[in-house]
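Please read the structure below before turning to the comments.
The values are calculated or read from the model by the stated rules, or taken from the named source; none is laboratory data. Not measured: the values here are computed from a predicted model. Here Cβ is always computed from backbone atoms with ideal geometry, including for glycine, and neighbour counts include all displayed protein chains. Side chains included, ligands, DNA and RNA excluded: accessible areas come from the protein's heavy atoms. Shrake-Rupley method; radii C 1.70, N 1.55, O 1.52, S 1.80 Å.
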Amino acid sequence: MATFKDMEDSLKSFIIQEQSDAHNIRSTNMAKYNNIKIWMDPTKYNDPHFFIRISISEAVFNLNDFSKINGGLGYEERLVLKWFGRMGIKEKLQELWNSAEKNKEDK
């Protein structure tokens, strides 16, 4: 089963790869991707969702259709959307959601 750390590393690698393919690589601050944080809080919203923080920006996305519930990530938001569309990402996040829901029920 994937962990939040696995998902954070996956997103970080994806963003850095996408940035390296872009023509504006010189203006990219790679250090800000060292603190990507992904988490879930089943007590916040009823629908399956997850939070993503990149540097000082934060957003919450619906896991079912990846619509944004709250917040914003600026330029990186389009990269996060692209990452979410990669094969297996939604399924791994769904596994994490199921685990978070189970932990909520156990408490």
>> What percent of all Cα-Cα pairs in the chain falls into each 10 Å bin, going from 0 up to the bin containing the maximum distance?
In response: 14, 49, 29, 7, 1
>> I'd like to check one number: the per residue accessible area of the chain, probe 1.4 Å, reported in Å² as a whole number.
In response: 60
> Are any of the pairs 68/90; 37/82; 68/92; 82/104 more than 24 Å apart by Cα-Cα distance, and if so, which?
Replying inline: 82/104
> How would 43, 3 line up by accessible area, probe 1.4 Å, largest first?
Replying inline: 43, 3
>> Could you put 12, 37 in order of accessible surface area, largest first, with the 1.4 Å probe and the full protein assembly present?
In response: 37, 12
>> Please report the accessible area of residue 91 (heavy atoms, 1.4 Å probe, ligands and nucleic acids excluded) in Å², nearest 10.
In response: 110
> Rounded to a whole number, what % of the accessible area of the chain do carbon and sulfur atoms account for, probe 1.4 Å?
Replying inline: 48
>> Using only the heavy atoms of the protein chains and a 1.4 Å probe, how would 99, 13 rank by accessible area, largest first?
In response: 13, 99
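Taking the Cβ of residue 57 as the center, what net charge do the other residues with Cβ under 10 Å away carry, scoring Lys and Arg +1 and Asp and Glu -1?
With Lys, Arg at +1 and Asp, Glu at -1, the net is -1.
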> Normalised by the residues of the chain, what does the relative contact order come to in percent, with Cα pairs under 8 Å and at least six apart?
Replying inline: 24
